[in-house]
Amino acid sequence: MILGTVIRAVNQLSLCRIINVMTMQDIINGRCGWCGTDELYVNYHDKEWGRLVTDDDTLFEFLVLESAQAGLSWITILRKREGYRKAFCNFDAGRVAQMTDEDVERLMRFDGIVRNRLKIKSTITNARLFLAIQKEFGSFYNYTLSFFPDRKPIVHTFNSLSEIPVSSPESDAMSRDMKKRGFKFFGTTICYAHLQASGFINDHLAGCFCRKE
């Protein structure tokens with residue numbers, strides 16, 4: 001029952017993304033149109049989205065935030081970002097991995113995050129698995145690159161938001177492997193969004209000023 005609800009939520013999220021992209025203006029004020037004019041969204045687009053992240057601390061932060069997004073809008077999570085920072089030890093994977101059931105109960109009463117028990121518990125589980133990947137591959141950055149041709153990030157040359165996919169062979173393979181390892185709330189759609197956010201896939205439109213930097 002719970003699994004079916006999660007799957008439906010993820011499918012609805014994918015559908016909503018597709019519909020929103022189809023009705024959105026491609027370029028707004030020289031930027032990818034998906035960020036609109038919301039100051040928080042614009043700042044995130046200009047300074048973070050699509051810029052390659054090589055440090056594992058930030059990659060863990062994005063992993064936490066993206067997995068929290070499942071079934072919700074990204075702007076909702078961005079607005080709660082500082083709450084997540086406080087709740088999950090400034091995104092220190094080692095400290096999060098040591099959190100207990102008592103911490104879960106405490107966070108269920110914390111207004112700064114999405115109070116979803118499954119997502120809170122999965123964040124702790126994912127932190128432990130994140131550390132295991134670091135030990136196996138040297139870093140989560142190295143692990144991520146292992147799913148890319150020639151271990152190099154991908155730069156797309158899309159002109160329209162409607163061209164941007166919600167998944168890719170890389171996100172399919174990475175999310176499938178992560179699922180086998182036990183990661184939760186990190187299907188291929190969420191994984192693709194994570195790869196976009198952390199710059200392993202650059203989906204800034206050709207007309208976006210970020211492509212000219």
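The values are calculated or read from the model by the stated rules, or taken from the named source; none is laboratory data. Just so we're clear, the structure is a prediction, and the values are computed from it rather than from any experiment. Note that each Cβ is placed from the backbone with ideal geometry, even for glycine, and that neighbours are counted across all protein chains shown. Remember, those area values only see protein heavy atoms, side chains included, never the ligands or the DNA or RNA. Shrake-Rupley method; radii C 1.70, N 1.55, O 1.52, S 1.80 Å.
Scanning the range 108-121 for residues being free of Cβ contacts under 8 Å to residues at least 40 places away in the same chain, part of a helix (DSSP H, G or I) and open to solvent by less than 60 Å² (accessible area, probe 1.4 Å) gives a total of 1.
Let's see how each residue does on (1) among the charged types (D, E, K, R); (2) in a helix (DSSP H, G or I); (3) crowded, with 19+ Cβ neighbours inside 10 Å:
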{"site": "Glu136", "(1), (2), (3)": "yes, yes, no"}
{"site": "Phe147", "(1), (2), (3)": "no, no, yes"}
{"site": "Asp172", "(1), (2), (3)": "yes, yes, no"}
{"site": "Met178", "(1), (2), (3)": "no, yes, yes"}
{"site": "Arg211", "(1), (2), (3)": "yes, yes, no"}
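Based on this model, can you work out whether Arg176 counts as without any contact (Cβ under 8 Å) to a residue 24 or more places away in the chain and under 30 Å from Val104 (Cβ atoms)? Answer is yes for this residue.
Of the helices (runs of 4 or more DSSP H) lying entirely inside the range 29-107, those containing at least 2 residues that are open to solvent by 50 Å² or more (accessible area, probe 1.4 Å) and not basic (Lys, Arg) span 39-47, 101-107.
In this structure, is Glu170 without any contact (Cβ under 8 Å) to a residue 60 or more places away in the chain, among the acidic types (Asp, Glu) and touching a strand residue (DSSP E or B) at 6+ places or on another chain (Cβ under 9 Å)? It is true that Glu170 is without any contact (Cβ under 8 Å) to a residue 60 or more places away in the chain, among the acidic types (Asp, Glu) and touching a strand residue (DSSP E or B) at 6+ places or on another chain (Cβ under 9 Å). Quick one: would you say Ile124 is of a type in the set (Val, Ile, Thr) and without any contact (Cβ under 8 Å) to a residue 60 or more places away in the chain? When the stated conditions are applied, Ile124 passes them. Phe130 meets the conditions (1) open to solvent by 40 Å² or more (accessible area, probe 1.4 Å); (2) of a type outside the set (D, E, K, R); (3) in contact (Cβ under 8 Å) with a residue 40 or more places away in the chain; (4) assigned to a helix (DSSP H, G or I) in every case but one. The failed one is (1).
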